[in-house]
Amino acid sequence: MLGTAVFLYPFLTIGYSNYMSDTLREQATAMVENKQAPPTETKPFSRGLYPEPVPSSVEKPTKGKVIGMLEIPSLQIKEAILEGTDEPELAKAPGHLPDSVLPGQLGKSIIAAHNATTFRHIDRLQPGDTFTVRTEQGIFTFKVTGQRILHVKDELPDTAYPALSLETCYPLDALYLTDQRLFVETALVKSELKSEKVRKER
Amino acid sequence: MKRVSILSLIAAFVMTMFASFASAAAPDFQKLGFPNVAVEKEIVPGQAASITYGSVRIDVPADAFTAPVKFQVIEGANADFQAKAPANETVLMNFAFKVTDKATNELVAKFNKPVMFFYTDAKITANSKYYDTTVDGQMVVNKVPAKIEGTTLSHPIAGAGVGWAVTSPAAPVKNATSPVAGISAAPWVAGGSVMIIGAAAVWFAARRRTA
């Protein structure tokens, strides 16, 4: 019995992850679509270096909370994003690294997910591919700029423009814990910020 | 006589090259990676002017131009220049000039006197660098080092033949590689298999002994 339980543990984990993903996806959909007015037009942004970022004054979400939705149509990914990248969060859905900025803010935001589940085929994203992240602050379109593989002791450079990195363990087909990470690097190319009024009304 | 002729030829060649460079039209950087107009101002000869936008100030001396010009500061996506920058540097900003003679509608490549560029950013340090961005998209450190005072970088600019980018040493994203985004399936499956096989072996051994 014990041996069977140990043998099945990883499969049960993946099953739990899939079950929770469905539940959280519904929560995220409700958060970014149903409960809010449509995003207002992006106000003119005078600088041409990057699209208008989310203000840095936005409050940091609490750990474990749904903060948005990640949609990568080319990989059939439509998943809730949780705040936090510890095992309890990553067992359920992609997680936002709390030490990084929120998606759409100035700097590099990081969203991590398991290589065995959500980010299994993330290496298929090529420069020029786009995807969206919807949060309470608005809808953000990111364009893939490249990929990099880092050792866990390496450092990932920050940026002076709104960027987002999708992170997972590497190799992607590893059935064990690895000391390498794959980062798919992207840059914000379009931001549709919700107006301050809409955010405050919520 | 022969030596004089060769020297004359070399001199003529150098003068021709210089003349052709000097008279060359400015490249249109709006089509070369700087599509966005950040600010524009009409500059009248004999009047000094100052152009400001965001964290940038550009001082134009009174005698920089001999005819009225439309002076545009243009920008490109920082992400595009980041891809060309050294891995350990962060591109803070980029820009180019598009200066158009209002009478002839031609781009002005060279200024009579250099304009002064000032950029203020909390990320400017003593190790910040000032790059030329060439028409073929390369980033080359400008031969004249930028002057850095506190968090302000300044540099004289005598023409619009290249674009420019400012970088600072890259700061890392804290704990970027800390998420454990893998599932340790193999040890569990292997351990479970060993336990099942062991249990089966014990069961068979016990059964054989009983029999």
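When shorter helices are ignored and each DSSP H run of at least 4 residues is given -39500 (n - 2.57), the per-residue value for chain A at 222 nm works out to -6000 deg cm²/dmol.
The spacing between region B:142-170 and region A:131-149, judged by their C-alpha centroids, is 31 Å. Remark: region B:85-184 carries a charge dipole of roughly 160 debye about the Cα centre, counting +1 on each Lys and Arg Cβ and -1 on each Asp and Glu Cβ. The convex hull around the C-alpha trace of the protein assembly as shown, projected and averaged over every direction, spans 31.6 square nanometres. The amide H of A:Phe119, built 1.01 Å from its N in the peptide plane, has A:His114 as neighbours under 5 Å, considering only residues 5 or more places off or on other chains. In summary, region A:65-202 shows an alpha-carbon radius of gyration equal to 1.00 times the 2.2 N^0.38 Å reference for compact globular proteins. The coefficient of translational diffusion for region B:97-171, derived via Stokes-Einstein from the alpha carbon Kirkwood radius under 20 °C and 1.002 mPa s, stands at 158 µm²/s. Per-residue Karplus couplings for region B:101-118, computed as 6.51 cos²θ - 1.76 cosθ + 1.60 with θ equal to phi - 60°, are listed in order as 5, 5, 7, 9, 6, 9, 6, 9, 8, 10, 9, 5, 9, x, 8, 10, 9, 10 Hz, Gly and Pro entered as x. Angle of helix B:185-210 to the longest C-alpha principal axis of chain B, folded into 0 to 90 degrees and rounded to 10: 10°. Close amide H partners of B:Asn142, meaning residues 5 or more places away or on another chain with modelled amide H under 5 Å apart, are B:Tyr130, B:Tyr131, B:Asp132.
Taking the convex hull of the Cα atoms, report for chain B its projected area averaged over all directions, in nm². Convex hull of Cα atoms, orientation-averaged projection: 24.2 nm². Only helices enter this figure: runs of n ≥ 4 DSSP H residues, each worth -39500 (n - 2.57), summed and divided by the residues of chain B, yield -8500 deg cm²/dmol at 222 nm to the nearest 500.
Dividing the mean sequence gap of close Cα pairs (under 8 Å, 6+ apart) by how many residues region B:24-169 holds gives a relative contact order of 27 percent. What is the helix-to-structure angle for A:2-29, meaning the angle in degrees between its Cα long axis and the longest Cα principal axis of chain A, kept from 0 to 90 and rounded to the nearest 10? Between the helix axis and the principal axis of chain A, the angle is about 20 degrees. Among the residues of A:109-118, the average count of other protein chain beta-carbon atoms within 10 Å of the residue beta-carbon is 3. Residues whose amide H falls under 5 Å from that of B:Lys102, counting only those 5 or more places apart or on a different chain, are B:Val69, B:Lys70, with hydrogens built in the peptide plane.
Every number in this text was worked out from the coordinates using simple rules, so none of it is lab data. Keep in mind it's a predicted model, so treat the numbers as computed, not measured. Cβ coordinates were reconstructed from backbone atoms using ideal geometry, including for glycine residues, and neighbour counts include every protein chain displayed.
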